[in-house]
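Step one of this worksheet: look at the structure below.
The values are calculated or read from the model by the stated rules, or taken from the named source; none is laboratory data. All of these numbers come straight from a predicted model, not from anything done at the bench. Positions of Cβ are backbone-derived with ideal geometry, glycine not excepted, and every protein chain shown enters the neighbour counts. When the accessible area is computed, the model is the full protein with side chains, heavy atoms only, and any ligands, DNA or RNA have been set aside. Shrake-Rupley method; radii C 1.70, N 1.55, O 1.52, S 1.80 Å.
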Amino acid sequence: MNSGFDELSLAVFTTLAPGGVIAFICMALAMFKSPIGKQEEMKLNRYLAVPIAVALIGFIASATHLGTPANALHVFSGIGRSPLSNEVLSAVAFLFLAGSYWMMAFKERFPKALARIWIAAAIAAGVLFIAMTSLAYSVSTVPTWDTAFTPANLVFSALLAGPVLALFSIACANLDSRAMGIALVALAGIALTAGSITLFMHEATLSGIANNEITAAQLVPEYLATIWAHVAIGSAGIACAAASLKKTVSRRGVFALRLVACLLVFAAVFATRADFYFLHMTVGF
Amino acid sequence: MTQYGFYFDSSRCTGCKTCEMACKDYKDLSQTVAFRKVYDYEGGTWTAADDGSYTTDAYAYHVSLACNHCDMPACMGACPSGAIDKDQKTGIVRIHDDKCTASGACVEACPYNVPILDTEKGYAVKCDLCYDRVTNGQNPICVEACPLRALEFGEIEDLRAKYGDTAAIAPMPSPDETQPNIAIKACDAAKEPGDSTGSIANEMEVTGTPAA
């Protein structure tokens, strides 16, 4: 109970970083869709900076809960053994590959084959990062975290926030692909539905988890209300994103709607992520 | 490998906390840090009968706990930077501050509320079974200090042979999870792990959070 974790910084981390990674992947995948114009690809490449920046802010937030960052390099000694080490390694790999790709894409002559391999490697690192992050909480002495709901919640949250962030980045790039827009909004909608169902199922199991002193349901009495807020705020965000797809909306309107959509979906995710950390308890004290 | 551990006699312990204070003094711990903690476990009720008489099943007992130097230390498993190890010769689980990032993962994982993030020092700290003393043939300071002789130190096999295999009483969790190296003599009032008739009465003192 004497939690050392700074819950909020980790909630910020697991809200922003996976969302940023999914947005990066959505935009990167668009580049594999042939044929893609040179101009279009350049715009996409430039504005990969938006999801990378969001992910980076998340990573920085996660570093702030370290009491002695000077010893952080020792984290790499735990690779393979420690889920947290695996998470950090995949995060560093993603940042390195995505960041270096973004910088390389400024080159006049960046061979297309090399570019594709590079970004594919970044996508793979991103997928690995989300997988590792979702597994980092399987600690057998923490019964509220060590469930199948933990990875499911994390993945669905990323798939809710990521596509909306990708929509916003595409608007920044002034790219107008209606088909892609529809696909992204649909993906976010499906993720919100599936994610909310998972959250409700998780909530239903909490009263059955107890240590000698407390049941998990007592830890966060407002969890159910938070999930409803997640549904409402997330739906509002997706509604804004969907509204931005209307042909009659001005360019500035599209930008504004998608910005609001991003803020809403990230807020929806953050609310449930914060409660996830408040749900920490061990089988003992 | 030799595995050292503690024996705790809950039929002797009066909850005086001399062990805790001796440890704080010897280890020079700050006000908010204690490596050994005494849990007051209390429960039961008074019932009034029709004839005006009262019966009671109220009880209270104390559980003095430091690190159990588990066979399967959850703290060690969770540490991302390999700062926690289990000594080959003694089985003592120690935190090496030169590798600790103070991520708090050990604090989160330990079901015995043992590792503590010392924000002043910038790393996690916990009981090391008085490593320097016991490797010099001395007892841990808490064992020496107990005025009731309720604590004993030794090889866990010897302690279990002498006192039995009980490794948990309420409010401790089931020993299955981390296989703690502690032998316990349960007092008459002691409840099984998972008991729901009582609660930790000094919650604020031992865990830093108010009682539920």
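Descriptive notes on the structure:
- Any hit, region A:196-219, residues being more than 17 Å from the chain's Cα centre (by Cα), outside any helix (DSSP H, G or I) and within 17 Å of A:T14 (Cβ to Cβ): no
- Taken together, the criteria place A:A113 among residues that are closer than 30 Å to A:E40 by Cα, open to solvent by 50 Å² or more (accessible area, probe 1.4 Å) and of a type in the set (G, A, S).
- The sole residue among A:S140, A:S169 that is among the polar types (S, T, N, Q) and surrounded by fewer than 21 Cβ atoms within 10 Å (Cβ to Cβ) is A:S140.
- Qualifying residue in region A:135-150 (condition: closer than 30 Å to B:S199 by Cβ and in a helix (DSSP H, G or I)): yes
- Against the criterion of being open to solvent by 20 Å² or more (accessible area, probe 1.4 Å) and farther than 30 Å from A:A210 by Cα, A:E7 does not qualify.
- With respect to being away from chain A (no Cβ under 14 Å) and in contact (Cβ under 8 Å) with a residue 12 or more places away in the chain, B:C106 falls outside the description.
- Of everything in region B:120-141 that is open to solvent by 30 Å² or more (accessible area, probe 1.4 Å) and of a type in the set (V, I, T), the residue that is nearest to B:G15 (Cα to Cα) is B:I141.
- Condition broken by B:I182, with the remaining ones in (1) within 14 Å of chain A (Cβ to nearest Cβ); (2) under 16 Å from B:F8 (Cα atoms); (3) loosely packed, with under 15 Cβ neighbours inside 10 Å satisfied: (3)
- In region B:79-102, the residues that are facing chain A (nearest Cβ under 10 Å) and open to solvent by less than 20 Å² (accessible area, probe 1.4 Å): B:C79, B:P80, B:S81, B:A83, B:C100, B:T101, B:A102
- Residue in region A:70-88 that is away from chain B (no Cβ under 14 Å) and surrounded by fewer than 21 Cβ atoms within 10 Å (Cβ to Cβ) present: no
- Given (1) under 28 Å from B:C100 (Cβ atoms); (2) under 18 Å from the mean Cα position of the chain (by Cα), index of the condition A:A72 fails: (2)
- Residue count for region A:237-264 under the criterion of being part of a helix (DSSP H, G or I) and open to solvent by less than 40 Å² (accessible area, probe 1.4 Å): the result is 10.
- Once region B:91-134 is narrowed to residues that are of a type in the set (G, A, S) and part of a loop (DSSP other than H, G, I, E, B), the residue that is nearest to A:V283 (Cα to Cα) is B:G104.
- Of the residues making up region A:135-173, those that are among the hydrophobic types (A, V, I, L, M, F, W, C) and within 14 Å of chain B (Cβ to nearest Cβ) number 5.
- Scanning region A:229-245 finds one or more residues that are touching a residue at least 60 places away in the same chain (Cβ under 8 Å), farther than 15 Å from A:V269 by Cβ and of a type in the set (G, A, S).
- One residue from B:E144, B:E152, B:E177, B:E192 being open to solvent by 60 Å² or more (accessible area, probe 1.4 Å), of a type outside the set (K, R) and outside any loop (DSSP other than H, G, I, E, B): B:E144
- Subset of region A:191-218 that is of a type in the set (A, V, I, L, M, F, W, C) and either more than 21 Å from A:A268 (Cβ to Cβ) or without any contact (Cβ under 8 Å) to a residue 12 or more places away in the chain (or both) - its residue that is nearest to the other protein chains (Cβ to nearest Cβ): A:I214
- Residue that is surrounded by the fewest Cβ atoms within 10 Å (Cβ to Cβ) [pool: residues in region B:32-75 that are part of a loop (DSSP other than H, G, I, E, B) and among the β-branched types (V, I, T)]: B:T45
- Test: residue in region B:58-78 that is of a type outside the set (A, V, I, L, M, F, W, C), more than 10 Å from chain A (Cβ to nearest Cβ) and over 17 Å from the mean Cα position of the chain (by Cα): yes
- Answer from A:F59, A:F24 - the residue that is away from chain B (no Cβ under 13 Å), open to solvent by less than 30 Å² (accessible area, probe 1.4 Å) and in contact with a Pro (Cβ under 6 Å, 6 or more places away or on another chain): A:F24
- When the test is whether a residue is outside any helix (DSSP H, G or I) and either over 15 Å from A:A173 (Cβ atoms) or more than 23 Å from the chain's Cα centre (by Cα) (or both), A:G99 does not pass it.
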